[in-house]
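Asks: To start, I am sharing the structure in question, which I have written as structure tokens.
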Amino acid sequence: MTVITGKAYWAHVQSPNTTYEPEWGIDVCVDDKNREAIMKDGLDIKNKGDDRGDFVHIRQKVSRRDGTQNDAPVVVDAQKNPIDSLIGNGSLVNVLYTPFEWNMNGKSGTSAILKKVQVIDLVSYGEDLDVVAGGYVANASNNSNLEDEVPF
């Protein structure tokens with residue numbers, strides 16, 4: 001098992017992502033501190049040109065091929081207390097995973113099975129915006145006529 005520390009993106013660790021095959025997953029940014037461990041485990045480092053930069057996707061499918069259920073990843077805070085808060089992009093996390101080699105349909109590689117996530121610094125998901133002093137303020141008198149001017 002390996003533990004890496006990094007910023008989290010697209011965390012689906014309390015409930016699985018069901019867009020495709022249901023899975024728990026998290027993208028962890030790769031930096032100089034965790035790159036060596038990730039490369040030693042043989043994981044693919046990805047970069048899609050967005051805020052994540054270099055990252056690794058760590059996941060656990062909800063169901064095995066035989067239909068039995070896998071355990072959900074354990075999610076804890078910095079003091080190892082269980083949490084159910086949604087993890088927002090940019091949260092600092094420790095992720096425990098088990099690398100495994102696979103072969104399927106003539107292809108092979110190494111993937112990581114997500115076991116545990118420890119949230120060190122939480123960025124709340126869906127956090128509300130703060131009022132910005134000196135920022136743009138819409139003129140309320142102009143907004144009152146909007147309904148009359150909209151053609152639908």
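The values are calculated or read from the model by the stated rules, or taken from the named source; none is laboratory data. Here the structure is a predicted model, which is why all the values come from computation and not from measurement. Cβ coordinates were reconstructed from backbone atoms using ideal geometry, including for glycine residues, and neighbour counts include every protein chain displayed. With ligands, DNA and RNA removed, areas are computed over all heavy atoms of the protein, side chains included. Shrake-Rupley method; radii C 1.70, N 1.55, O 1.52, S 1.80 Å.
Asks: Given a 1.4 Å probe and heavy atoms of the protein chains only, how would you sort F100, F55, largest accessible area at the top?
Replies: Values: F100 80, F55 5 Å².
From most accessible down to least: F100, F55.
Asks: What order do S15, S111 take when sorted by accessible area (1.4 Å probe), most exposed first?
Replies: Details: S15 65, S111 30 Å².
I get S15, S111, largest accessible area first.
Asks: What distance in nm separates the two pseudo spin-label positions at N105 and Q14, each 7 Å out from Cα along the beta-carbon direction?
Replies: 3.5
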